[in-house]
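Q: Sharing a structure here in structure tokens format.
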Amino acid sequence: MFNALSGMGGAGQVDHTASNNANTALYTAFAIFGILGGGIYNILGPKKTLFVGCSTYILYAGSFLYYNHHKHQAFVVVAGGLLGVGAGLLWAAQGAIMTSYPPHDRKGTYISMFWSIFNMGGVIGGLIPFVSNYNRTTAASVNDGTYIGFMVFMVIGTFLSLAILHPSKVIRNDGSSCTNIKYSSVSVELIQILKLFGNWKMLLMVPASWASNFFYTYQFNNVNGVLFNLRTRGLNNVFYWGAQMIGSVLIGSIMDYSFKSRKARGLVGIIVVGLLSTAIWGGGFAKQLTYSHDDVPNHIVLLDFKDGSKFAGPFVLYFSYGLLDAMFQSMVYWVIGALADDSEVLSRYSGFYKGVQSAGGAVAWQVDSHNVPFINQLIANWALTSISFPLLVALVVLAVKDDNKDEEGATKEVAITSNRDISTTVDYPNKE
């Protein structure tokens with residue numbers, strides 16, 4: 001639902017300022033709590049972590065309902081900051097669940113399964129503004145019913161999170177367990193999180209992590225938000241998130257089934273996404289040359305989905321951006337999942353990924369707020385994603401094993417305190 005809300009450009013507001021500032025607060029807090037989120041997940045478990053994280057999304061959508069009637073940014077920005085805290089918890093928990101619950105040879109399939117469910121929310125969310133604003137073709141902020149619709153779905157999702165099973169109770173099809181740990185401690189988690197900043201595997205992932213949310217600002221605000229009218233933006237998002245479902249299934253299949261060797265599958269997946277990225281960003285560059293920041297809002301005729309051939313080209317481009325996003329992020333998650341097999345380790349890796357990703361997002365929203373030329377934003381996005389691919393290739397070559405027995409988490413032992421039934425982990429370093 002949050003994706004659909006953001007995808008309308010300016011969270012459905014004509015003036016993007018409040019949304020940009022809220023997103024800066026959001027991603028700044030997200031950068032911190034994304035990194036801390038893995039440790040919090042290991043301490044609290046999935047139910048509490050997810051429930052608290054999901055509840056902040058409801059407040060964020062509600063703040064724009066308030067903003068429709070009272071043009072005060074303060075509430076929206078505070079709600080954005082709180083959402084950053086909640087999002088850090090949600091995505092660290094989600095990353096741990098998605099990468100550690102499946103068997104090691106089916107992680108791509110499980111990632112694509114998650115990504116499809118995740119983006120079904122965006123598809124449904126895109127229909128909400130399309131239907132509720134169908135008769136409003138001129139520039140306007142979305143109506144109250146749109147925000148209320150988002151909030152209803154967010155409430156349902158929040159309470160559904162209470163049904164998630166703890167990883168210590170999950171047994172995979174091959175008989176292995178996700179983790180031996182039942183509880184962790186604050187001191188253990190802080191030490192392990194600090195170690196991530198010196199972990200060469202995580203450092204190789206920094207450009208991909210930074211890039212993977214950086215492009216949203218450009219795509220949502222300066223493609224969908226600039227080129228199309230209100231109702232068409234909602235329709236575009238139905239297809240943008242629908243394209244993600246397709247993309248995640250495609251890359252999941254490649255990275256699970258293309259070759260027997262897991263390392264070979266990883267390399268092929270990265271090459272495929274790299275080639276597709278070059279083609280799509282190249283097409284975006286060609287389109288961006290036809291309009292600039294100076295043309296907004298007086299010199300651009302907003303496109304409607306009924307405009308035929310004029311609508312088709314920009315629509316296909318926006319659809320392709322969605323396809324690429326899913327393939328890029330699913331590829332990165334597959335690489336994370338291939339580095340370890342234990343829920344505890346993967347929650348920290350996922351948290352680090354989301355933390356760096358969110359730091360990039362915070363910068364991106366301010367880049368747009370300061371009216372940086374559209375073409376410069378596109379080039380920055382294209383460059384960041386392109387730099388990521390050779391570094392991910394190096395990571396797969398150096399760190400991904402074809403035998404899951406060599407993965408991190410396989411050499412863990414559990415120490416149980418004598419006075420309390422609290423388990424902490426002792427890490428024995430792998431020989432690289």
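The values are calculated or read from the model by the stated rules, or taken from the named source; none is laboratory data. On a predicted model such as this, the values are computed, not experimentally measured, just so you know. So basically every Cβ, Gly included, is an ideal-geometry build from the backbone, and we count neighbours across all protein chains shown. SASA here: full protein model, heavy atoms, side chains in, ligands and nucleic acids out. Shrake-Rupley method; radii C 1.70, N 1.55, O 1.52, S 1.80 Å.
Q: Give a quick list of chymotrypsin sites (Phe, Trp or Tyr not before Pro) in segment 183-247 that DSSP marks as loop, anything other than H, G, I, E or B, with at most 12 other Cβ atoms within 10 Å.
A: Passing sites in segment 183-247 are 197.
Q: Tell me the carbon and sulfur percent of the accessible area for segment 65-222, rounded to whole percent, probe radius 1.4 Å.
A: On the way: 4810 of 6750 Å².
Ligands and nucleic acids excluded, carbon and sulfur give 71 percent.
Q: I'd like the Karplus ³J(HN,Hα) series for segment 34-51: coefficients 6.51, -1.76, 1.60, θ = phi - 60°, whole numbers in Hz, and an x wherever there's a Gly or Pro.
A: Computed from phi, the couplings for segment 34-51 are x, 5, 6, x, x, x, 4, 4, 5, 8, 8, x, x, 5, 5, 4, 5, 5 Hz.
Q: To continue, here is another question. Would you pull out the residues with amide H under 5 Å of residue 228's amide H, same chain only if 5 or more places away, H placed 1.01 Å from N?
A: Here the answer is 303, since their amide H atoms fall under 5 Å of that of residue 228.
Q: Also, I was wondering about something else. Step by step: find N for segment 289-403, compute 2.2 N^0.38 Å, then divide the Cα radius of gyration by it. What's the final number?
A: 1.41
Q: Averaged per residue, what accessible area in Å² does segment 191-245 show with a 1.4 Å probe, protein chains only?
A: On a per-residue basis, 25 Å².
Q: Turning to a different aspect of this structure: At a threshold of 8 angstrom on Cα-Cα distance, excluding pairs fewer than six apart, so keeping six or more, what relative contact order does the chain reach in percent?
A: Here the relative contact order equals 28 percent.
Q: Could you tell me how many cubic angstrom of Cα convex hull volume the chain has per residue?
A: Taking only Cα atoms, the chain has a hull volume of 130 Å³ per residue.
Q: Using the alpha-carbon atoms, what tilt in degrees (0 to 90, nearest 10) does helix 73-100 show relative to the longest principal axis of the chain?
A: The two axes meet at around 40 degrees.
Q: Now for a separate question. Quick one: helix 230-257 against the long Cα principal axis of the chain, what's the angle to the nearest 10°, folded into 0 to 90?
A: Between helix and principal axis, roughly 30 degrees.
Q: With a probe of 1.4 Å, find how much accessible area segment 43-143 has per residue, and write the answer as a whole number in Å².
A: On a per-residue basis, segment 43-143 sits at 38 Å².
Q: Step through the table entries 201/354; 47/169; 48/107; 48/169; 47/354; 71/306, compare each Cα-Cα distance with 22 Å, and write down the pairs that go over it.
A: Check vs 22 Å cut-off fails for 48/107; 71/306.
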